[in-house]
Amino acid sequence: MLNRRLLRIKVMQSVYAFKQSKASNKELTIDKIKAEFREEFLELGQEEKARIDEEQAKVIEYFNNYVDEDTEASTENLDAKLLKVASNARSHYEELVSNDQLDFRKRMVIETEQLFTKYLKLLSYIIDISVLSKKELERKTERGARNTEMDQKFVDWFYNNTAFKLLREDAALNEILSEKKLRRIEDDERVLEWLRILKKDEEIVSQIEDLLKESNSFETQQEILRLIVRDFIFKNEVIESTFEAEDLNWSENKKILRSMVLKTVKNLSEGEETEILSISKNWDEDKEFFEDLYTYTLNQEESFKGIIESKSKKWAVDRIAKVDGILINMALAEMLNFRNIPVKVTINEFIEISKQYSTPKSWQFINGMLDSISEELQNEGKIKKSGKGLLDNK
């Protein structure tokens, strides 16, 4: 299930991706400027090339200064004609940036909401393992194949297993899998390959056999299912590489999905329906939180520059590592705009994220910066907290 830290990480990734897109938009706009002057060159010919090149250089210089927020973009060298070209370029760039900002926020939400579908897909794979273990034995038996001892074991372990059966025969689960078209015949070959890999996994096979030596109770069968999820589906290199190829954020999503599937397995109970989890206890509230955090971070980062620069001492803002800068801006946006989140909680969350995603010493730098900035903002009365936000806020 999603927690606020994971939502913060997704905001960080989206802000980072948006900033990368701004560089691409800059190049696209420069290409547009060049295309406009190229048309003039094609119309007037070689005799005007020197003048056209000079005018193009002036507009590009102005545009580069405009995009570089720390450099003043002077129009002193631009006549009326060049001002129009520069103005059009600026409008084009701003439109691209504005569209991307909205697009990355929308994509961030969609990708997060898709976690529920991915969770259901994993449950579907578990059902496929159960069903196909039986079909594979039947197919081999019909062909008169020998050496089907392991296939028979798989049927006992995965098809005749009550825990697998609860998922396989759960009406509500099968209905939602059908509605979302997640049970697909195309997946059969993938899962059959997994079963072939599993046969060669001596460690897991040995663990299952050891479990069954003790008993064949429902708890043991449930433990076998948990073992397949935890140590095979989420650990096998071949399966992992498949999931990574299909999900660019698998390294983060894996933790969430693994937790959700294992919790579903843990909650299985004989005679009861499967508890299908949601991605969040209150998705509407969590969705609003991380959409707003993304928007506040990008819309307010310009206003944070002065105080960040005054506290960073040795480092100019543009020399702070990109991820560190994003995390500091996010933390400040959270402190100033979310009254119910204590300052200490915000600082601790972004320290932990920096340990995972930035340089080894970044967390110390971020900790020092946020401590100092938050103290100043609180003294100035700019950080206002209420409710839970007042806890541990001294």
- Name every residue in the range 155-186 that is of a type in the set (Asp, Glu), in a helix (DSSP H, G or I) and loosely packed, with under 12 Cβ neighbours inside 10 Å, in order of residue number. Glu175, Glu179
- Message: Name the residue that is surrounded by the most Cβ atoms within 10 Å (Cβ to Cβ), counting only residues in the range 276-312 that are part of a helix (DSSP H, G or I) and of a type in the set (A, V, I, L, M, F, W, C).
- Response: Leu293
- Message: Among the residues in the range 187-200, are any buried (at least 17 other Cβ atoms within 10 Å of the Cβ), of a type in the set (Phe, Trp, Tyr) and out of contact with any Pro (no Cβ under 7 Å at 6 or more places or on another chain)?
- Response: yes
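Anything in the range 352-375 that is in a helix (DSSP H, G or I) and either over 20 Å from Glu309 (Cα atoms) or not assigned by TED's automatic domain parsing to the domain that holds Ile307 (or both)? List them, or say none.
Glu352, Ile353, Lys355, Gln356, Tyr357
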- Note on the structure: Of (1) out of contact with any Asp or Glu (no Cβ under 8 Å at 6 or more places or on another chain); (2) modelled with pLDDT of 90 or more, Ala321 fails just (2)
- Message: Anything in the range 322-335 that is among the charged types (D, E, K, R), over 13 Å from Asp292 (Cα atoms) and crowded, with 20+ Cβ neighbours inside 10 Å? List them, or say none.
- Response: Asp324
- Message: Criterion first (closer than 24 Å to Leu327 by Cβ, free of Cβ contacts under 8 Å to residues at least 40 places away in the same chain and in a helix (DSSP H, G or I)) does Leu102 satisfy it?
- Response: yes
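On the basis of being outside any helix (DSSP H, G or I), free of Cβ contacts under 8 Å to residues at least 60 places away in the same chain, surrounded by 17 or more Cβ atoms within 10 Å (Cβ to Cβ) and in contact with a helix residue (DSSP H, G or I) (Cβ under 7 Å, 6 or more places away or on another chain), does Ile383 make the cut?
Considered against the rule, which asks whether it is outside any helix (DSSP H, G or I), free of Cβ contacts under 8 Å to residues at least 60 places away in the same chain, surrounded by 17 or more Cβ atoms within 10 Å (Cβ to Cβ) and in contact with a helix residue (DSSP H, G or I) (Cβ under 7 Å, 6 or more places away or on another chain), Ile383 comes out as yes.
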- Query: Hey, among the residues in the range 254-287 that are among the aliphatic types (A, V, I, L, M) and over 15 Å from Phe234 (Cβ atoms), which one's modelled with the highest pLDDT?
  - Reply: Leu268
- Task: Only one of these is touching a Leu at 6+ places or on another chain (Cβ under 9 Å) and either hydroxyl-bearing (Ser, Thr, Tyr) or exposed (fewer than 12 other Cβ atoms within 10 Å of the Cβ) (or both): Tyr16, Tyr62. Name it.
- Result: Tyr62
- Message: For the range 120-154, give me each residue that is crowded, with 19+ Cβ neighbours inside 10 Å and without any contact (Cβ under 8 Å) to a residue 40 or more places away in the chain.
- Response: Ser130, Leu137, Asp151
- Message: Suppose the filter is in a helix (DSSP H, G or I) and either in the same structural domain as Leu28 (by TED's automatic domain parsing) or in contact with an Asp or Glu (Cβ under 7 Å, 6 or more places away or on another chain) (or both); does Ala73 pass it?
- Response: no
- Kindly indicate whether Glu246 is of a type outside the set (Val, Ile, Thr) and loosely packed, with under 12 Cβ neighbours inside 10 Å. yes
- Message: So, Phe338, is that one surrounded by fewer than 20 Cβ atoms within 10 Å (Cβ to Cβ) and on the phi < 0 side of the Ramachandran plot or not?
- Response: yes
- Item | Gly271, sole failed condition from (1) loosely packed, with under 12 Cβ neighbours inside 10 Å; (2) in a loop (DSSP other than H, G, I, E, B); (3) touching a residue at least 60 places away in the same chain (Cβ under 8 Å); (4) not hydroxyl-bearing (Ser, Thr, Tyr) | (3)
- Any helices (runs of 4 or more DSSP H) falling wholly within the range 193-255 and containing at least 1 residues that are without any contact (Cβ under 8 Å) to a residue 40 or more places away in the chain and within 15 Å of Thr162 (Cβ to Cβ): 202-214, 218-227
- Quick one: count up the residues across the range 118-143 that are at pLDDT below 95 and among the polar types (S, T, N, Q). 1
- Task: Examine the range 107-126 for a residue that is over 30 Å from Val229 (Cβ atoms) and assigned to a helix (DSSP H, G or I), and state whether such a residue exists.
- Result: no
- Query: Does Ile9 fit the bill of being touching a residue at least 40 places away in the same chain (Cβ under 8 Å), part of a helix (DSSP H, G or I), among the β-branched types (Val, Ile, Thr) and in contact with an Asp or Glu (Cβ under 7 Å, 6 or more places away or on another chain)?
  - Reply: yes
- Being among the acidic types (Asp, Glu) and surrounded by 14 or more Cβ atoms within 10 Å (Cβ to Cβ) is the filter; apply it to the range 226-243 and report the residue that is nearest to Ser206 (Cα to Cα). Asp231
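The values are calculated or read from the model by the stated rules, or taken from the named source; none is laboratory data. This structure is a prediction, so every number in the text was calculated from the model and none was measured. No Cβ is skipped: glycine too gets one built from the backbone with ideal geometry, and neighbour counts run over all protein chains shown.
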